[in-house]
Each structure stands twice: as C-alpha cells, then as structure tokens.
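Before I ask anything, let me first share the structure, which is written out below as structure tokens.
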Amino acid sequence: MEMLQDSYLRAVAAAAGCTMAKPEPDDGIDWLVTHSSESHIADCQIDLKIQLKSTWTSAPNPKNGFVSVNLSNGRLKLLARKRVTVHRILVAMIIPEDIAHWVEASHDILQLRHCAYWRSVTGVEPSGEEYTSVRVPTTHIFDDNALCGIMERVGRGGTP
C-alpha cells in the first residue's frame, strides 16, 4: 500500500512541478515536497510536509462526504502543531482491498485506484486513547491542481 501511495504522490508532485524528498529515518513525516517559484513571497522555495494514510474500508467517492483514517495520537500531535515553519497536511487514499485492482494500464492511460484526499489537521486534538479517527473531506481531492493551490497559499505566507 505504501508503494502505491508513494506512486500517487510522485505523479501529483511531478505534474505540479514539485520535487520530493523522503526523510530518513521516517520521523513521523512521510515526504517533504518542495515547489520553487519567484512568485512565492515567503521564500522562493516552499516546503510542505506530507503524511500518507490509506484505507480500503471506504468505497470510492463515499456518500457521507469524507474518508476516515486512524492516526496514532503521537502522529496527530505532530501533524496538528499550530506553530510551524513548514506546514503539514494529511493525504488519505482509498485503495481497493484486492491488490489486482490497484493499477490498470492500456495503450493510452495508466490508472492508479482509487483516489486521495487531503486536509490540514492543524489544531485537531486527539480524541481516542491511543488512536484518533480523522475525517478527510472528499471535496478536497489531492491532485496537481490542489497541490499547486496549497503551495501558492503557503508561498503567500498563508496556510494550506
């Protein structure tokens, strides 16, 4: 599942004109994505920390309007910090349970199934004893346009 998520993120980052780096060792953040532009006000290079999560318990485009993923309370506290120099987002991907349905290829398209959604969890407090279920709205599809918008907002000194 991790490799499929990484591939999804790589495709989105490439289409958005971003570069990626994987923290070694993993300290609670899966990827650091960077976008360079002279139009950024805060700095010409904007970084974004990304935590990937996946689930197969939700169907594609859930009717309830969100996908839920469980985060350890320690991980949530790291992602939810209010005072940061590099913003953080959670990217939740719905993946088919059957690995045979993860990828489909033809002469003109390569599809990764299903979809990923994003949200900032800044300020979210843990609610479970060890884990917290975090809802990620399906209106926030994580694609190259969304990533460009996030980087543009952060580049102007705002939040994701």
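Restricting the search to the range 110-126, which residues are at pLDDT 95 or above and either surrounded by fewer than 17 Cβ atoms within 10 Å (Cβ to Cβ) or among the hydroxyl-bearing types (Ser, Thr, Tyr) (or both)?
117, 120, 122, 123, 125
Could you give me the residue pairs with C-beta distances under 6 Å whose first residue belongs to the range 79-107 and is over 15 Å from residue 136 (Cα atoms), whose second residue is among the charged types (D, E, K, R) and at pLDDT 95 or above wherever it lies, and which are 6+ apart or on separate chains?
From residues that are over 15 Å from residue 136 (Cα atoms), the pairs are 86/47; 86/49.
Among the candidates 132, 159, single out the residue that is over 19 Å from residue 60 (Cα atoms), hydroxyl-bearing (Ser, Thr, Tyr) and not in a loop (DSSP other than H, G, I, E, B).
Working: 159 fails: not in a loop (DSSP other than H, G, I, E, B).
Just one listed residue meets the conditions, 132.
What are the pairs, 6+ residues apart or on separate chains, where a residue within the range 42-64 that is more than 26 Å from residue 77 (Cα to Cα) has its Cβ under 6 Å from a residue that is part of a loop (DSSP other than H, G, I, E, B) and at pLDDT below 95?
Here the result reads 44/38; 60/114, each pair linking the range 42-64 to a residue that is part of a loop (DSSP other than H, G, I, E, B) and at pLDDT below 95.
Kindly provide the set of residues from the range 55-77 that are under 18 Å from residue 26 (Cβ atoms) and surrounded by fewer than 18 Cβ atoms within 10 Å (Cβ to Cβ), ordered by number.
First, pick out the residues of the range 55-77 that are under 18 Å from residue 26 (Cβ atoms): 69-77.
Residues satisfying the conditions are 70, 72, 73, 74, 77.
Give the residues of the range 35-54 that are surrounded by 20 or more Cβ atoms within 10 Å (Cβ to Cβ) and farther than 25 Å from residue 128 by Cβ, sorted by residue number.
Across the range 35-54, the qualifying residues are 35, 46, 48.
Please determine, by comparing only the residues of the range 21-34 that are over 13 Å from residue 148 (Cα atoms) and in contact with a Leu (Cβ under 7 Å, 6 or more places away or on another chain), which one is surrounded by the fewest Cβ atoms within 10 Å (Cβ to Cβ). Even if it seems obvious, please write down each step before you answer.
Within the range 21-34, the subset over 13 Å from residue 148 (Cα atoms) is 21-32.
Those still in the list that are in contact with a Leu (Cβ under 7 Å, 6 or more places away or on another chain) too: 21, 23, 28, 30-31.
On the way: 21: 10, 23: 12, 28: 15, 30: 19, 31: 20.
The qualifying residue surrounded by the fewest Cβ atoms within 10 Å (Cβ to Cβ) is 21.
The values are calculated or read from the model by the stated rules, or taken from the named source; none is laboratory data. Keep in mind it's a predicted model, so treat the numbers as computed, not measured. Glycine gets a Cβ as well: all are built from the backbone with ideal geometry, and neighbour counts include every protein chain shown.
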